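Here's the structure we're looking at; comments come further down.
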Amino acid sequence: MSEKSHIPNRVADLLRSRALLAALVAAGALLRLWQYLGNAAFWLDELALVRNVVDHPLSRLLTRPLDYRQVAPPGFLAIERGLALLFGAGERSLRLFPLLSSLVALYLFWRLAERLLSGLALTFAVALFAFSPELIFYGADAKQYASDSAIALLLTLLAFGYRAGPPTWRRGLLLGAAGAVAVWFSQPAVFMLAGLGGALLLLAAAERREATEPPAPLAPLAPTITAVALWGLSSAASILVATRVMGPLTRAYVRSFWQPAFLPPLTHLSEVAEWIANTLSAEFGREGLSYRATPLYVAATVLGLAVLWRRRRDAALLLAAPIAVTLAAAVARQYPFKGRLIAFLIPCFLIPLAAGVEQIYRAWPPRQRAAGLLSLALFAAFPLATFVGNPPVYRLEETPRMLAYVKTQLQAGDAVYVYYGAEHALRFYGQRYGFAQNDYVLGGCHFADPRSLLRELDRFRGQKRLWLLFAHALPRVPDRTAMLAYLDQIGDRQTSVVFPATKDNADTTVYAYLYDLSDSRQLASASAASYPLPPSGPPDHRVACQGPEAPSAIAAGP
């Protein structure tokens, strides 16, 4: 065999090497640290939760609905409140727990993948997890998504560890206790436990039926039933507490905002199947991992589950069951199946995906290993393009940069108007950059009524220098477009400064504008009452002066 023909085998050997695997894990850890040390500004969703943590004592956080329609598990809130008290309410202190969780999740995923995969599949899975922009971002996001992922991985590893030994009472009680604690630190842990528990019971019952000798009554089911019972009792209690603390207004908001993530009213099973297929595909695309050619990855994941089922049915069942339970909750309209809310399921997708990709590679004959490597490269290309095209540090709403810029440009007599979507940022960052609350006028929330926003601007007629500061002025809401068009009619735009988001699937650019509204002829050309509003699409009813966008005055429910 020629030296040239050995090249594909050498490449395959390199891809299987432990050194490469260790390098991937180290790179994943460094990327998470890089994102954290980049110290991106808090964006709106973070600020809505951060203001709760900073403004309220722990007793209030755990017993009453959170302001701004926020939802978070009590354990997470307690940790964040403790970090705020110990180290202050800065970005790095309140993102420390998510960072540590993301690093733990990286290690746990490596351990889980080693249990279920080997060779090329193991390397591929770890690379996907280590370089995922979404997972890197959650590692420095002051929300619970990174800890949700770490806890989901820990529970999955514990379930596999339990399966690896005899189902003794001691091991069953320890497993049950771990899950019983987990649900107080992660709300999606309820779905993980429901799926894992059902899978463990099914597997134990199957092994009992297949036993060559008649087992003792309930053996080996009794310890497993005990663990699952502990999970169920603690899950029920956590759901009861969460429902009571959340309050009806927050529940209504969550249902409204996440409406696209629930099964729409359908009449045929074929429509349900189509919705599930489209939903799963979206999680490989813009809503989750941001891959292209998503049907390719869905097909490879299904193939990988079949491969795992053939090799180890317990592995396939324990990975697929949490996905199925969470999908069932979305079908029942109880939990959204979308984006960051199901980030805890990413490992359940990536491990079968890697198994499926390796199966496709192995389907090529040994003499065509080069073609097999090309197929592997094809599956690696889109995740690699996602990362290379949008590497960290990821920044969403860089309000501090805007405030710092405007502060250097302010002159005596300048007026400052703040769009209501920037309220949280001004309340949190304003004092740091020299903006007291009486230094600016905060606009009101006028959902689907941009003319009221124009009336607010009319109070500045005759003003020589008017600054408009926009944050979280989402493209789907026509407010900014209408306001700028009106001001361009009655005044002169002096300055436009844009601070773009650096995350591909974010539409959270921050803007600062300076207008001269002192020309009487231009002012006479239009008024808020008569100005023809630019055409816009139907209003997005998920944004209606509620949730994170809610002004402080209407932040919380009763």
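Worth pointing out:
- For segment 156-179, a residue qualifies if it is open to solvent by 10 Å² or more (accessible area, probe 1.4 Å) and closer than 30 Å to L303 by Cβ, and the qualifying residues are L157, L158, G161, Y162, R163, A164.
- Remark: pairs (first residue in segment 236-247, open to solvent by less than 60 Å² (accessible area, probe 1.4 Å); second residue part of a helix (DSSP H, G or I); Cβ separation under 7 Å; 6+ apart in sequence or on different chains) = S238/V190; V245/T63.
- Within this structure, D449 passes the test of being open to solvent by 20 Å² or more (accessible area, probe 1.4 Å), over 21 Å from T509 (Cα atoms) and within 33 Å of the chain's Cα centre (by Cα).
- All positions within segment 332-380 that are open to solvent by 10 Å² or more (accessible area, probe 1.4 Å), small (G, A, S) and over 23 Å from the mean Cα position of the chain (by Cα): A363, A370, A371, S375, A377
- Verdict on L376 being assigned to a helix (DSSP H, G or I), more than 24 Å from A189 (Cα to Cα) and out of contact with any Phe, Trp or Tyr (no Cβ under 8 Å at 6 or more places or on another chain): no
- When segment 45-63 is filtered for residues that are over 21 Å from R251 (Cβ atoms) and surrounded by fewer than 21 Cβ atoms within 10 Å (Cβ to Cβ), the ones remaining, listed by number, are V54, D55, P57, L58, S59.
- Out of V543, V497, sole residue that is under 30 Å from A140 (Cβ atoms), at pLDDT below 80 and either assigned to a loop (DSSP other than H, G, I, E, B) or in contact with a strand residue (DSSP E or B) (Cβ under 6 Å, 6 or more places away or on another chain) (or both): V543
- Of the set (1) surrounded by 17 or more Cβ atoms within 10 Å (Cβ to Cβ); (2) within 23 Å of the chain's Cα centre (by Cα), all apply to L303 but (2).
- Being under 18 Å from L303 (Cβ atoms) and at pLDDT below 90 is a description that applies to G372.
- As a summary of the residue check, E397 satisfies the conditions (1) touching a helix residue (DSSP H, G or I) at 6+ places or on another chain (Cβ under 9 Å); (2) assigned to a helix (DSSP H, G or I); (3) open to solvent by less than 50 Å² (accessible area, probe 1.4 Å) except for the one numbered (2).
- Matching option when the condition is touching a His at 6+ places or on another chain (Cβ under 6 Å), open to solvent by less than 50 Å² (accessible area, probe 1.4 Å) and closer than 22 Å to A501 by Cβ, among G443, G421: G421
- Applying the criterion of being open to solvent by less than 10 Å² (accessible area, probe 1.4 Å) and part of a loop (DSSP other than H, G, I, E, B) to the residues of segment 110-142, the residue that is nearest to L94 (Cα to Cα) is A142.
- Taken over segment 463-491, the residue count meeting the criterion of being open to solvent by 50 Å² or more (accessible area, probe 1.4 Å) and either hydrophobic (A, V, I, L, M, F, W, C) or more than 20 Å from Y405 (Cβ to Cβ) (or both) is 5.
- Residue pairs whose Cβ atoms lie under 7 Å apart, separated by 6 or more positions or on different chains, with the first residue in segment 6-28 and within 18 Å of F129 (Cβ to Cβ) and the second surrounded by 14 or more Cβ atoms within 10 Å (Cβ to Cβ) and modelled with pLDDT under 90, are L15/L120; R16/G119; R16/L120.
- All positions within segment 406-451 that are at pLDDT below 90 and charged (D, E, K, R): D449, R451
- Unmet criterion (only one of (1) loosely packed, with under 15 Cβ neighbours inside 10 Å; (2) modelled with pLDDT of 95 or more) for L100: (1)
- The numbered conditions (1) crowded, with 22+ Cβ neighbours inside 10 Å; (2) farther than 25 Å from A48 by Cβ; (3) among the β-branched types (V, I, T) are all true for T386 except (1).
- Check on P73, open to solvent by less than 10 Å² (accessible area, probe 1.4 Å), at pLDDT 95 or above and out of contact with any helix residue (DSSP H, G or I) (no Cβ under 7 Å at 6 or more places or on another chain): yes
- The set of residues in segment 459-483 that are touching a helix residue (DSSP H, G or I) at 6+ places or on another chain (Cβ under 8 Å), more than 16 Å from C545 (Cβ to Cβ) and in a helix (DSSP H, G or I) comprises A482, M483.
- L66 vs. criteria at pLDDT 95 or above and either buried (at least 18 other Cβ atoms within 10 Å of the Cβ) or out of contact with any helix residue (DSSP H, G or I) (no Cβ under 7 Å at 6 or more places or on another chain) (or both): no
The values are calculated or read from the model by the stated rules, or taken from the named source; none is laboratory data. Keep in mind the model is a prediction, meaning the values are calculated, not measured. Note that we place each Cβ from the backbone using ideal geometry, even for glycine, and neighbour counts take in every protein chain shown. Accessible surface areas use protein heavy atoms only, side chains included; no ligands, DNA or RNA. Shrake-Rupley method; radii C 1.70, N 1.55, O 1.52, S 1.80 Å.
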